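What follows is a short report on a single structure.
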Amino acid sequence: MRTRLLAAASAASALLAAGPSLAQETIKVAYIDPLSGPGATVGEVGLKTLQFLADELNAKGGAAGKKFEILPFDNKVNPQESLVQAQKAVDVGARILTQGNGSSVAAALVDWVAKYNDRNPGKEVLYLNYAAVDPVLTNDRCTYAHFRWDANSDIKMEALTNFMKRRPEVKKVYLINQDYSFGQAVRAAALAMLKAKRPDIQIVGDELHPLLKVTDFAPYIAKIRASGADSVITGNWSQDFALLLKAAADAGLQVNWYTYYAGGTGGPTSIKQAGLNHRVFAIQEGAANVDHAASRATEKAFREKYGVSIFYPRLFNQMRMLAAAINKAGSTEYARVGAALEDMKFEVFDGGEGFMRKDDHQFFQPMYIVSLGERSDKEPFDEEHTGWGWRSIARLDAKDTVLPTTCKMTRPR
């Protein structure tokens, strides 16, 4: 992977030296996400997904007569480093930035893009967000340049707590989340929604821990065991989820887990090691074993090419919609592509219709509650060679996931 990244960096430097004429030959999408350090396990899969999609779209002619090119930039999940990489990206001709891992990074990029666009009329950029889900990004901090394809954390928690309220075995809940804007948003939504929907549930623990810095979650698991919790809610992702479940496996902790990102690298393996057969639930926009022929065929092709599963269906929605918007606009110009994306309805990766709300640039799509465990004959895909796979427990139509927004957006004239 490092060799490929160095090659990409060299290519980016060559583009800069070549000047603006070469920079316009392709539609450059700058991928600004972790490609080294603790977050690289998810960042690398995101990059593979974008490369797969660029190949798919280019085989169909690209968009507006141009091919897509993915330029990787390693931000190490650091907001300040992300701004350095964003500047490098626009310097080599990228006018579309995409990022997903870390809402603190997303908040910094939203502000940077807004300022850059104000200062560089005619060279504006779009920021496509595929996974940073702090609700504030499409509420008080919304901007015209920012579009989000993942359901925000409030949307996810609304669905997750609606599922939990119908489960009488949920009596004592422990919250453990990463200590930054996203984890704090998950925590706040869980507390408020459980209180409103199931006031009988006891919150027996409420823990925040440093982002991607904990290497041994055994002390946290000991607290969960001591609390008497029967259920845990966590928004943890990347190694913070995998290591949390590994510690649970080591301690033999048997509780139900309600999660956002259990499918990330290492997560399924840790779940299997913990023996949590269909006891880890996740709210997602899709999963490998959803009964949908087209997505299953793509899943098979992706695994054959890269040896990993698709855990970013939303990136498929994002890039396919971007291509459709560019074709509709007949241009890659920022305001015209943005206008084409607004209110766009689209057949999503796992089937069903999604739509991009014009008011705040939040995408709404069918959502699933899924659990990981032993597979039936109708569930062909396992995860990480564990033999266990995802099973759909419940599905919500896009219209049933809609929450209001406080966004007051200023649009280009």
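Take every Cα pair under 8 Å whose residues are at least 6 apart in sequence, average their separation, divide by the length of the chain, and the relative contact order is 15 percent. A 1.4 Å probe run over the protein chains yields, for the chain, 39 Å² of accessible area per residue, whole-number rounding. Where does helix 218-227 land angle-wise versus the long Cα axis of the chain, in degrees 0 to 90, nearest 10? For helix 218-227, the angle is close to 50 degrees.
Express the carbon and sulfur contribution to the solvent-accessible surface of region 142-203 as a percent, rounded to the nearest whole number, probe 1.4 angstrom. Here carbon and sulfur together make up 49 percent of the probe-accessible area.
Residues whose amide H comes within less than 5 Å of that of ASN277, counting only those at least five positions distant or on another chain, are absent (H built at 1.01 Å from N in the peptide plane). With a 1.4 Å probe and all protein chains left in place, how much of the accessible area of region 274-347 comes from carbon and sulfur atoms, in whole percent? Answer for region 274-347: carbon and sulfur cover 50 percent of the accessible area.
In the chain, the longest principal axis of the Cα atoms and the axis of helix 2-18 are about 30 degrees apart.
If you model region 292-413 as an ellipsoid using its alpha carbon gyration tensor, with each semi-axis the square root of five times an eigenvalue, the axes come out at 32, 18, 11 Å, biggest first.
Taking all protein chains as shown and a probe of 1.4 angstrom, TYR220 keeps an accessible surface of around 40 Å². Rolling a 1.4 Å probe over the protein heavy atoms leaves TYR261 with an accessible area of roughly 40 Å². Straight Cα distances below 15 angstrom link LYS223 to the aspartates and glutamates ASP206, GLU207, ASP250, with same-chain residues fewer than 8 positions distant left out. Comparing Cα centroids, region 276-310 and region 327-406 end up 13 angstrom apart. Largest accessible area first, the listed residues LYS399, LYS115 line up as LYS399, LYS115 when surface is computed with a 1.4 Å probe on the assembled protein chains. Remark: for residue pairs LYS195/LYS399; LYS115/LYS408; LYS88/LYS115; LYS213/LYS305; LYS328/LYS399; LYS378/LYS399, the C-alpha separation exceeds 20 Å in LYS195/LYS399; LYS213/LYS305; LYS328/LYS399; LYS378/LYS399. Per the Kirkwood formula applied to alpha carbons, region 249-288 shows a radius of gyration over Rh ratio, Rg over Rh, of 0.95.
Principal axis analysis of the Cα atoms in region 177-243 yields extents of 34, 27, 14 Å, listed in decreasing size.
Straight Cα distances below 17 angstrom link LYS123 to the aspartates and glutamates GLU25, ASP91, ASP111, GLU333, with same-chain residues fewer than 8 positions distant left out.
Within straight-line reach of LYS197, meaning a Cα separation under 18 Å, sit the following lysines at least 8 residues removed in sequence or on another chain: LYS156, LYS165, LYS171, LYS172. Counting only heavy atoms of the protein chains and using a 1.4 Å probe, LYS305 has close to 110 Å² of accessible surface. In this structure the amide hydrogen of VAL232, modeled in the peptide plane, comes within under 5 Å of the amide hydrogens of TYR174, ASN256, TRP257, TYR258, none closer than 5 places in sequence on its chain. If you fit an axis through the alpha-carbon atoms of helix 79-91 and take the longest principal axis of the Cα set of the chain, what angle between them do you get, 0 to 90°, nearest 10? Helix 79-91 and the main axis of the chain meet at about 30 degrees. Computed from backbone phi, the HN-Hα couplings of region 182-187 come to 5, x, 5, 5, 4, 4 Hz, rounded to whole numbers (Karplus: 6.51 cos²θ - 1.76 cosθ + 1.60, θ = phi - 60°; Gly and Pro given as x).
Per-residue Karplus couplings for region 58-73, computed as 6.51 cos²θ - 1.76 cosθ + 1.60 with θ equal to phi - 60°, are listed in order as 5, 5, 9, x, x, 8, 6, x, 10, 8, 8, 9, 9, 10, x, 9 Hz, Gly and Pro entered as x.
Based on DSSP H segments of at least four residues, each scored -39500 (n - 2.57), the chain has a per-residue ellipticity at 222 nm of -13000 deg cm²/dmol.
For the chain, the C-alpha radius of gyration divided by 2.2 N^0.38 Å, with N the number of residues, is 0.95. Taking each residue as 0.36 nm, the span from ASP400 to LYS223 lengthens on full extension beyond its C-alpha to C-alpha distance by 60.1 nm.
The values are calculated or read from the model by the stated rules, or taken from the named source; none is laboratory data. Because the structure is predicted, anything quoted here is derived from the model rather than measured. Surface areas here come from the heavy atoms of the whole protein model, side chains and all, with no ligands, DNA or RNA. Shrake-Rupley method; radii C 1.70, N 1.55, O 1.52, S 1.80 Å.
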